[in-house]
Amino acid sequence: MSRRVAITGIGVVSALGLGVDENIAALQNGWTGISSIQFLNTRLRDEFVLGEVKYSNDKLKEILNISTGKLISRTSLMAFLASREAVDMAGLNTDKLKSCAFISGTTVGGMDLTEQIKDFYSEKDLAEIISLHSSGDSTEKTADFLGAGGFSTTYSTACSSAANAIMLGGRLIKSGKVDRVIAGGTDALSCFTLNGFNSLMILDRNHCRPFDISRSGLNLGEGAGYIVLEAEDVVKSKKILAYLSGWANSNDAHHQTASSSEGIGATLSMQKALGVAGINPGEITYINAHGTGTPNNDSSEAKALANVFGKNVPAYSSTKSFTGHTLGACGGVEGVFSIMSIVNQEIYAGLNFTQADEDIESKPIVAYKKTGVKHVLSNSFGFGGNNSTLIFSKI
Amino acid sequence: MHIINYCSIRKGKIANAERVLFSSDEYQLSSFLKSYYKINKISYPKFYKMDAQCKLAFIASEVLFTDFDREKYKDEEIAMVFANSESTLSTDMDYWESAQTIASPALFVYTLPNIMMGEIAIRNKIKGENLFFIAEDFDSNLLLQQTELLFQNNPTKIVIVGWVNYESEERYLARLFLITKTGDGMLFNKENIEKLNKD
């Protein structure tokens, strides 16, 4: 059994705003969401900039009509908003949701709450807060919130988590195991990750500059992005936004937190995804790169692009210069951007690029433009050498 | 789907499908694994940098690959699907402790569960697909389904299926299965997984 995988709904929350419209307007107009720290309770407050979602937890609860006293992680709150938008857009009713699968990627789960416990002995809600800690909690809470009653699981493969969740969704439909899947990811900012990335010395204190020769690290961000996938044969008159046509994952087998200088894993995942989609490299119009802004990633990824596309590397950019690196959610957030690139027939430029490395021939695009977009490739690479590529195609 | 090899590590014992290969009165995982490492003359300095859970997965994979003709397969023809219930909780707590003063990069690296597959991939030059799940208990349905999906994808020919859980120096468990798409030997199905898991 081999069925085409249609995309009928998308939803996103990021530093650029709540919902697809706010996010896309920012990408079109070059408005970054990265700014000084407002919400994360950290002693590094004055040292770094972050891509924070510009709403407190109380405000997010208010928007969702959840009482402010309810204990719930920021990771779940963002997932509720983004997935609800996707489900509403797809017009999934209660009946369809009953059998709909929900697959979500995250790396921190409820860390944003547990790490703020001051004293484990006197914390009155200890048991409840701990119960929200696991990665699976945000998945279960979101599936319940939506009423999605089918197969449900959580991916935790670092920064490729959401891309891998979407990939599994695609496979489950293609192989005929399910008809509908909501897939994506969510990750809230936490001191745990801020301290960790700081300790690895891969954070830039200023705005990140993906692919630029002066780049010196990434900015962390947060957000959620979800996509409704449906088997083409069960989508009747509904408007299909695009197709999920290709996907692949590979291991770089090089280093735990660094990419190989030749971009081996990234090359493999892109080549395999093109194979699954059944298209030639020359047919890709736009690449939403992983492009974190670390010297290592961008050099490795640019070399992988040259390996796959030769001298004709398609237009590419990193939208992490707008949102920050949303870690386990980035495959979902950037998946939504990639789909909108097809829907609106436009490509989004990254920010803060002026000059490429001396040994890199290609350059990312620097200006937003309207153009015919047929296939979009989106990369998400994670620690552990976990590299994933998704390909979205025009109907 | 067939089982080429199997390895379990628990309670101071390392076993394959047929017999106990190594045992020690020393239940404490670190010293137990270190003595296995030394007796078998494994030479891989990166081993010493790993956290306990990765060491557990690593040694299990070394046993699993014994007598396996790795050269027969291309790097991207071998895939991995792993799961556990603890994620990396033990190292998370150590890391969090370090972050109260200066966060340790050496610990932070190991706060991601898929890192153990990364270690196995680096050691054995495995470049195929790899995914990690967190499940409450050993879920043979999930692992069977995922392995089947991996085999539907070209070019996967071999899948390493793993359940690796480190709770403490006394409570730990690794179960690794080396699976081939075609061939002969014990079928990789629910019944046989349960049979092997009984030990």
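Here are a few things to note about the model shown:
- Segment A:323-360 and segment A:109-137 have their alpha-carbon centroids 34 Å apart.
- Across segment A:179-187, rounded Karplus estimates of 3J(HN,Hα) from the backbone phi angles (6.51 cos²θ - 1.76 cosθ + 1.60, θ = phi - 60°) give 9, 9, 9, 9, 9, x, x, 8, 8 Hz, Gly and Pro being marked x.
- Amide H contacts for B:Ala79 (H built 1.01 Å from N in the peptide plane; partners 5 or more residues away or on another chain; cut-off under 5 Å): B:Lys157, B:Ile158, B:Val159, B:Ile160.
- Estimated vicinal HN-Hα couplings, Hz - segment A:160-173 in sequence order (Karplus 6.51, -1.76, 1.60; Gly, Pro = x): 9, 3, 5, 4, 5, 5, 5, 4, 4, x, x, 5, 4, 6
- Dipole of chain A computed with +1 at Lys/Arg Cβ and -1 at Asp/Glu Cβ about the Cα centre; of A:Pro364, A:Gly11, A:Ala302, farthest Cα towards the positive end is A:Gly11.
- Choice from A:Met201, A:Met111, A:Met270 with maximal GNM fluctuation in chain A (Cα, 10 Å cutoff): A:Met201
- By the helix-only formula, in which each DSSP H run with n ≥ 4 contributes -39500 (n - 2.57) and the sum is divided by residues, chain A has a 222 nm mean residue ellipticity of -10000 deg cm²/dmol.
- Inter-label distance for B:Gln28 and A:Ser122, nm, one decimal - labels placed 7 Å from Cα along Cα-to-Cβ: 3.6
- Antiparallel bridge percentage (DSSP; both residues within the protein assembly as shown; nearest 5): 70
- Nearest-0.05 FRET efficiency for B:Asp184 and B:Arg19, computed from C-beta distance (R0 35 Å): 0.95
- Largest mean-square fluctuation among B:Asn84, B:Asn114, B:Asn189, in a Gaussian network model of chain B whose springs join Cα atoms under 10 Å apart, belongs to B:Asn189.
- Across segment B:89-120, the residues whose backbone nitrogen lies under 11 Å from the label position 7 Å along the beta-carbon direction of A:Glu47 are B:101-103.
- Residues B:Thr101, A:Thr186, A:Thr139, A:Thr389 arranged by fewest to most Cβ contacts within 10 Å: B:Thr101, A:Thr139, A:Thr389, A:Thr186
- Unsatisfied cross-links (Cα-Cα over 18 Å) in the set B:Lys34/B:Lys55; B:Lys38/B:Lys74; A:Lys311/B:Lys74; B:Lys74/B:Lys127; B:Lys46/B:Lys125: B:Lys38/B:Lys74; A:Lys311/B:Lys74
- Close amide-amide hydrogen proximity is noted between B:Phe188 and B:His2, B:Ile3, each under 5 Å apart and 5 or more residues distant or on a separate chain (H modeled in the peptide plane; Pro and chain starts excluded).
- Cα→Cβ-extended label distance, 7 Å offset, between A:Lys369 and B:Ser85, nm: 5.7
- Candidates A:Ala224, A:Ala165, A:Ala304: whichever shows maximal mean-square fluctuation once chain A is modelled as a Gaussian network with Cα springs under 10 Å: A:Ala304
- Per residue convex hull volume, Cα atoms of the protein assembly as shown, in Å³: 145
- Counting only other chain Cβ atoms within 10 Å of each residue's Cβ, the peptide A:318-325 averages 0.
- Between segment A:243-257 and segment B:160-186, the Cα center-to-center distance that results, in Å: 23
- Semi-axis lengths, largest first, of the ellipsoid equivalent to segment A:202-304 are 30, 19, 12 Å, with √(5λ) applied to each eigenvalue of the Cα gyration tensor.
- Protection proxy ranking, peptides A:9-16, A:89-96, B:152-159, average beta carbon neighbours within 10 Å, highest first: A:9-16, B:152-159, A:89-96
- Segment A:33-59 and segment B:82-157 have Cα centres separated by 29 Å.
- Partner lysines for A:Lys236 [C-alpha distance under 21 Å; skip if fewer than 8 residues away on the same chain]: A:Lys96, A:Lys98, A:Lys174, A:Lys177, A:Lys394
- For segment A:347-387, chymotrypsin sites (Phe, Trp or Tyr not before Pro) meeting the loop criterion (DSSP other than H, G, I, E, B) and having at most 16 other Cβ atoms within 10 Å: A:Tyr368.
Readers should treat all values here as calculations from the given coordinates under stated rules, not as data from a laboratory. The structure displayed is predicted, hence computed values, not measured ones. Using ideal geometry, Cβ is built from the backbone for each residue, glycine included, and neighbour counts are taken over all protein chains shown.
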